[in-house]
Amino acid sequence: MVIKPVVTEGTGVTSESLDVAPVAGVHRILSALADPVRLEMVRRLMNAGEPTPCALLYDGINKSTATHHFKILREAGLTERLVHDGQIHQRLRVDDVDRAVPGLLASVVGKANREAAPSSQAAR
């Protein structure tokens, strides 16, 4: 396990980053994003724009299942775990992923956001 200090820009807050994996190949990234629970986790992280407590990233599954999904995302190089004030947060590695697969996260999350938004058709 790799542990490195992380300073959140502009805040002076230092956290510890755990388990930083290299960004995987496109097949592994797409496989990680193919699961609806993991896609929702990534969507919430992207929309938050900052490290987010784990519990805010999922609904309707138990903690051990969520832990499994976080592991898959981490091993694909999409996320990293941060410990801040003793609490685990997840951070989406947007810049790293975008260097490896330009535009992928923006496209996938953009589509997921459009699908998650209430349709004007459904309101009728």
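Considered as a group, the residues in the stretch 79-88 that are surrounded by fewer than 18 Cβ atoms within 10 Å (Cβ to Cβ) and hydrophobic (A, V, I, L, M, F, W, C) include one that is nearest to G110 (Cα to Cα), and that residue is I88.
From the list L92, L82, the lone residue that is over 19 Å from G25 (Cα atoms), in contact with a Ser or Thr (Cβ under 9 Å, 6 or more places away or on another chain) and not small (G, A, S) is L82. Total residues in the stretch 89-101 satisfying the condition of being acidic (D, E) and surrounded by 12 or more Cβ atoms within 10 Å (Cβ to Cβ): the figure is 2.
No value in this document is a laboratory result; all are computed from the given coordinates. These numbers come from a predicted model, not from an experiment. Neighbour counts run over all protein chains shown; Cβ positions are idealised from the backbone, glycine included.
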